[in-house]
Every structure is written in structure tokens, then in C-alpha cells.
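Working notes, beginning with the structure itself.
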Amino acid sequence: MIMEISIAIVIAVAIISLAAGILLSRNIMRNMLLRKSQQILKDAQAEAEVIKKEKILQAKEKFLQLKSEHEKYVAEKNNALSIQENRIKQRESALQQKYDDFQKKQNEVELIRENLNKQLQIVNRKQEEVEKIHAKQLQQLETISGLSVDEAKKQLMETLKAEAQTDAHAFLKEYLEEAKLTANMEAKKVIINTLQRTASEVAAENSVSVFPIENDELKGRIIGREGRNIRALEALTGVEIVVDDTPEAIVISGFDPVRREIARLSLHKLITDGRIHPARIEEVVGKVKKQIDQEIVEAGKRTCIDIGIHNVHPELIRLIGKMKYRSSYGQNLLQHSKEVANLAATMAAELGLNPKTAKRAGLLHDIGKVPDNEPELPHAVLGMKLAENYKENAEICNAIGSHHDEMEMKSLISPLIQVCDSVSGARPGARREVVESYIKRLKDLEELALSYPGVVKTYAIQAGRELRVIVGSDKISDKEAEQISLDLSKKIQNEMTYPGQIKITVIRESRAVSFAK
């Protein structure tokens, strides 16, 4: 028991000693940490003082730098303001000087105005005196001459009018001759250059086609029993087939070249096949019509490619192809249109215009001659409406519609197309006129000139390209002869249709005849 108590006392003493040692070491460590922390705090305070002093020095340097920059900026602004102020003062002084000059001039103007008013009053008094003197002189002149003022004015005006009319005719003649000389030289130059660069064909179309056959036995087969084959062929094609005594030939007659071509090709296919009867004729004619329609479209496309125009409406291409089978006075319409297109392009290039636009208008100018229906409109106006429907340029539409003067020309291309159309139709070999219409035109020319008073004889010469008018020298003066020439040219231009141009020559001569016996 005592042993246990001793052990317990020893353990308790050991525990107490250990606790006392721990407390003692903790106090020692605490004191060491406290001294170390105090030392760190002192070092930190010293370093903070050093940093504080450095920052204060940096702030002072920055302040001084900003202060110097601000003072420099303020100095520059002050200099600029002083310069601006000097300028304003100079302008003020200049304006003041101008104002003073203006005041001086205004005073001078006032003085001049006063002087003018005084002089005007003097002039008015003088004018009244002159009017009184003029009235007295008029009264004296009326008394001396026996005429009133109105009658004298009327006689003077009639005299001056006659003199002015004579001078005007002379001036007009001189001006027209000079204008014609200049215009003719330039126009001939352009037209000759254009014609030299354009190759054209002569007229060869007519209203009949001759279909050759191998022997006359085929004529009976073509006619058929009681003429049923030839009647069926004529009814389907719309042409007249003439089977007469002409050896080895059949004549196909019709005004429409498309129908004649359909009839010719149909006959060729029927004779080649050997089967000729109404049902076969109807079948062959139908196939040939489709073939011709395709050829028309192909001809239109080839023409557009050859001429060099693009983006043409398909319907216009078809109408262009139809022109291949149309003719005017024996001139093929498609060849005529291509020729006009080439002429227009060449002339446009010579005159500084757009050749492509001129070429397009030249090719389309006669599409009104080949419509599918036949409205009661001039072909130029109808062609313009077709071009408008298919979205052609307004300039091209106007050129188409005005190339025969049915409407007003609105661009330089329009007269160019009109001139090229006349050149293409009027050149030698282009067209074949019917003899009756040719003779009638010559007679109309002569009768139109004979309708003028004082005209003795008229002669249409050079195939109607020149009209010579002989007037009586005792009835017509030189001035009146010039006036007849001018009036006659205008009347022919307005009332007659003719290719090219007509030269009017008025001849007045005096003859003195005597006999020596």
C-alpha cells in the first residue's frame, strides 16, 4: 500500500515537473517571439519611412514636371491668342477702312444722283421742246406733201418691205448655197466612205418561181384526175400553179415568197417520192411549212450573228428571218436591212455615234413589213410598236418609227437610219420599179411644175433625178425664179414619194432676135 502511494507520488511529481518545464519553455519561446516581432516591426517602420521619402521625392518631381508642361502649354495658348487677337484687330481696322471708303462713295453717289436728277429735268424740258418742234414740222410736211403721217408711214413700210424681201431672198440664196456647199462636201465624204466599205447585191427577186421538171408527163400527174391534185396544192399553199405549154417547167405565181417557197419544196418532195394525191399533198405541205418555220428562225439567228447584235427577243429573230422571203421593188428585204445596218454602223462610226445602236436600229427598221397579221398602220409605226413590245431601246424604237417621217425624230440615230434606208434603196441596181409607176412619177413631176404661173415648159431628166423648169423671161424675174425653185423643191418633198433626191433647175433666159435684110 505504501509502495503504491509512493509510486503515485513519484508519478504526480513527474507530471508536475513536466508541466512546469512546459510552461517555462513556453514563456521562453513567447519572449523570444515577442522580441523578434518587435525587431521586424522596427525594420518595417524604417523601410516604410525610406519608401515614404522616396515617393514624396517622386511626387515632387512629377509635380514639377507637370507644372512646367502646363506653364509651357499656357504660354503657347497665350501666344496663339495674342496672334489671333492681332489678326482680329487688323481685320477690324481693314473693315473700318472699307466702311469709311463706302461712306465716301455713298456720299459721291448721292451727289451724282442729285446731278443726274437736275440733268434729267433739263432733258425733259428739252424733249418737250423737241416734241413741239417735231409736231410743227409734221404739220408743215403734211401741208406741203398732201399726205398724212399714217399714209406716209404706210408708203415707207411698203418700200422697206419690198427692199427687205429682195435682200432676204438674196441672203437666203447665198446662205443656202454656202450651207449646201459645206454640207454636201461633208455628206458626200461620209456617204462615199460608207459605200466604199459596204458590198451590196443588185435586185433579183420577182413574183414568180419556175419549177423545172424532167418531162412533160409529170404535168398530168401534178394536175391529177379532174385537177384535184393541183387544186389541193393551191388551196394548201395559197399560190397559183400555172401548167402551160412551157416545156419541162411549171410556173409558181404568188406575191408571198414564203408561200412560193413552200409550194416549190412541196412539189420537189412529191415528185421525188412519186406519190401525188391530195392526202399525201396535205402531209407534205404540213412538213414543209414546219421546215420553213425552222429555216426562218435559223436565218434570223444567222443574220444576228453575222451582223454582230445580241440579246434580241426570239420573236424579233423570227421576224428578221421572215424578211428573207420578202422583197420591196425587187430588192430582198433581209439583204436591204443588213445593208442598212452596215451602212448605219459605218456612218455612225464616221460621225462619232454608237455603231452598235445604229446597226441594231438599221437591221430592225423594216420589221413592220413582215408581221403575222396585217393591221391598218404604216409599216414604220407598226415596226416601232413591235420593237416596244419586245423591250427594245427607246432610241431604236424612235429610229424605226421615224425613218419615213411618220413621227418626230428624237435622236441622231433616227435621221441616220432614214439616210441609210434612202441610200440602200436609191443606189443603182438596188430596186426594180414598175414601168407604169416610173412613168407616172415623171408625169407628176412635170405637171406639178407646170401648175406654177409663168412656167412655159418642164422636163424630167436623168430618170427623174432632175427637173428642169423653163419660165418666161417677160413674166418671171430672177428673184421670182429662185423663189419658184425653192417652193417647188418643198412641194415635191411634201407631196411626192421618190428614191434619193431630185434636183430642180429653173431656167430663165432673154433672147433678142433681129434679121438683117
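Applying a threshold of 7 Å to beta carbon distances and a minimum spacing of six or more residues, or different chains, the list of pairs starting in segment 226-245 at a residue that is closer than 18 Å to D256 by Cα and ending at one that is surrounded by fewer than 20 Cβ atoms within 10 Å (Cβ to Cβ) and small (G, A, S) reads V239/S253; E240/S253; V242/S253.
Going through segment 261-293 one residue at a time, which ones are of a type in the set (K, R) and open to solvent by 70 Å² or more (accessible area, probe 1.4 Å)?
Residues satisfying the conditions are R264, K269, R275, K287, K289, K290.
What tally of residues in segment 228-260 results from selecting those that are surrounded by 19 or more Cβ atoms within 10 Å (Cβ to Cβ) and in a loop (DSSP other than H, G, I, E, B)? The total comes to 2.
Quick check on segment 420-440: of everything there that is in a loop (DSSP other than H, G, I, E, B) and open to solvent by 60 Å² or more (accessible area, probe 1.4 Å), which residue is modelled with the highest pLDDT? My answer is R431.
Just one of (1) of a type in the set (A, V, I, L, M); (2) open to solvent by less than 100 Å² (accessible area, probe 1.4 Å); (3) modelled with pLDDT of 85 or more fails for A12. It is (3). Per the conditions (1) surrounded by 10 or more Cβ atoms within 10 Å (Cβ to Cβ); (2) within 60 Å of the chain's Cα centre (by Cα); (3) modelled with pLDDT under 85, the sole criterion not satisfied by D150 is (1).
When K491 is tested against the conditions (1) open to solvent by 60 Å² or more (accessible area, probe 1.4 Å); (2) more than 33 Å from the chain's Cα centre (by Cα); (3) at pLDDT 85 or above; (4) of a type outside the set (S, T, Y), the lone failure is (2).
Each residue in segment 328-383 was checked for being under 26 Å from R259 (Cβ atoms), of a type in the set (S, T, N, Q) and touching a residue at least 40 places away in the same chain (Cβ under 8 Å), and 4 of them qualify. Of all the listed residues (E217, E201, E226), the sole one being farther than 30 Å from I320 by Cα, at pLDDT below 75, out of contact with any His (no Cβ under 7 Å at 6 or more places or on another chain) and of a type in the set (D, E) is E217.
Quick one: would you say I417 is closer than 25 Å to E339 by Cα, in a helix (DSSP H, G or I) and either at pLDDT 85 or above or over 35 Å from the mean Cα position of the chain (by Cα) (or both)? Yes; evaluated as a whole, the condition is true for this residue.
How many of the residues making up segment 294-324 are assigned to a helix (DSSP H, G or I) and open to solvent by 20 Å² or more (accessible area, probe 1.4 Å)?
Adding up the residues that qualify gives 14.
The values are calculated or read from the model by the stated rules, or taken from the named source; none is laboratory data. Just so it is clear, the model here is predicted, and its values are computed rather than measured. Cβ: placed from backbone, ideal geometry, glycine included. Neighbour counts: every protein chain shown. Please note that ligands, DNA and RNA were not included when accessible areas were found on the heavy atoms of the full protein model with its side chains. Shrake-Rupley method; radii C 1.70, N 1.55, O 1.52, S 1.80 Å.
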